[in-house]
Amino acid sequence: MEQIYALGINVIEFVQYWFEDWADYLELVNNISNPYLLLEVFFPLVSILDSVFAAQLLLCLGFGGWLNTVMKWWILEDRPYWWVRESTFYSSHRPKLRQTQQTCEPGPGSPSGHSAAAAASIILLLMWAAHAMQDRKCTVRWWKYVLYPLCAGMMVSVFVARLFVAAHFPHQCMFGALVGAFLSPALCIYVSDPFIWRYGAHATRTVTQANGGTWRGPSNCAADPQWTVKLALRWCDRPENIHVTATPLFALAQSTATLLGWALSVTPAITRYRHDTKNRSLIISAFATGIIVYIISQISQSVDKDNPYKYYLTHFVLSTIKPALYLRLTPAMAMWPYGKTRLSKLNRGRIYLRWRQRLTTKDADGRQPH
């Protein structure tokens, strides 16, 4: 591994040198591909357009975050920015890597969570686009020649961005992308569609058992889940850039709560609010989603970070109720006006049919009733 790490350091030095003028763009890519940001921003935006797509995205991000945390604790690989200073591989010249605001992530390095989340989201986007074109009977074939290269460019940008900030080695980014690309079709085809929507109680028990196994794994290996946090605090040029949302403990709490909320909230009822649903109001959906996002962000910011139990408990509860808010409450509010309209039209139709029936019938005297 020392040789692989050293080769990765050379690649990172090359990327940091040749892409120095692209620093602002690469930092933006790092922020956009952050799994925490995808759950907090991208998932609510998707829920405005399609609840089924949003539910699949939430499952991929929630289970992907949980699996990524477990794999990081089991593989226990270093990150470039601290390995280059801790390692005894270099005897004379030790490379100096550039650090940015996104560099100081305190979790183990492999696999890359940003690459996994980006790959899962991109593959799921392509699957959704294919289904949307098929459902709408779109005859335009050139959309693939636009969307596929665009998604490939997005994935390459994530790779380069993670190397530029020295948060991952190249093999860690590729491993994370492979995990994310496998999760999207596997979870959507074999889990969400045929199984979870029918047996929600079984899914809840599975999430609870998986949570317990997550904590038994590191304890059986005699590993300290927070040992990488100490390395990050030691070798980060600016320790204030270390965010609690990037710690393995927070990722585990958020992903487990997300899976629990998904198992409790996702039912066949969400299929009534899809991309091809006509009787819905996008304005109401966007307005309600914006209010929910604002309220949740205000609650998150007001939680006292000095009390870790209160902080993690609050975020666990918020992550658990988010699926119900975005996948059940908001669609119901957006479809409520049209539900009343359909009901009134149905009542008027029934009255008209009764009037026509009376009009065509004759009474005993041969006269038509009024």
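The values are calculated or read from the model by the stated rules, or taken from the named source; none is laboratory data. Quick caveat, the model's predicted, so the values are computed rather than measured. Backbone-built Cβ (ideal geometry, glycine too); neighbour counts: all protein chains shown.
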Picking from 58, 49, 37, the residue that is in contact (Cβ under 8 Å) with a residue 60 or more places away in the chain and closer than 19 Å to residue 296 by Cα would be 58
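Just for helices (runs of 4 or more DSSP H) wholly inside the stretch 218-337: which have at least 3 residues that are within 27 Å of residue 114 (Cβ to Cβ), in contact with a Lys or Arg (Cβ under 9 Å, 6 or more places away or on another chain) and not acidic (Asp, Glu)?
So the answer is 227-235, 248-265.
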Expected single match for within 21 Å of residue 49 (Cα to Cα), crowded, with 17+ Cβ neighbours inside 10 Å and modelled with pLDDT under 85 among 296, 292, 270 is 270
When restricted to 157, 115, 121, the only residue in contact with a Lys or Arg (Cβ under 9 Å, 6 or more places away or on another chain) and surrounded by 13 or more Cβ atoms within 10 Å (Cβ to Cβ) is 115
Item to complete: Please work out if residue 120 is closer than 26 Å to residue 258 by Cα, modelled with pLDDT of 90 or more and touching a Pro at 6+ places or on another chain (Cβ under 9 Å).
Response: no
Listed by first then second residue, the pairs whose first member lies in the stretch 164-192 and is closer than 23 Å to residue 98 by Cα, whose partner is among the acidic types (Asp, Glu), with beta carbons under 7 Å and at least 6 positions apart or on separate chains, are 167/105; 172/77
Restricted to the stretch 178-190 and to residues being surrounded by fewer than 23 Cβ atoms within 10 Å (Cβ to Cβ) and among the small types (Gly, Ala, Ser), the residue nearest to residue 114 (Cα to Cα) is 181
Test result for residue 69, among the polar types (S, T, N, Q) and without any contact (Cβ under 8 Å) to a residue 12 or more places away in the chain: no
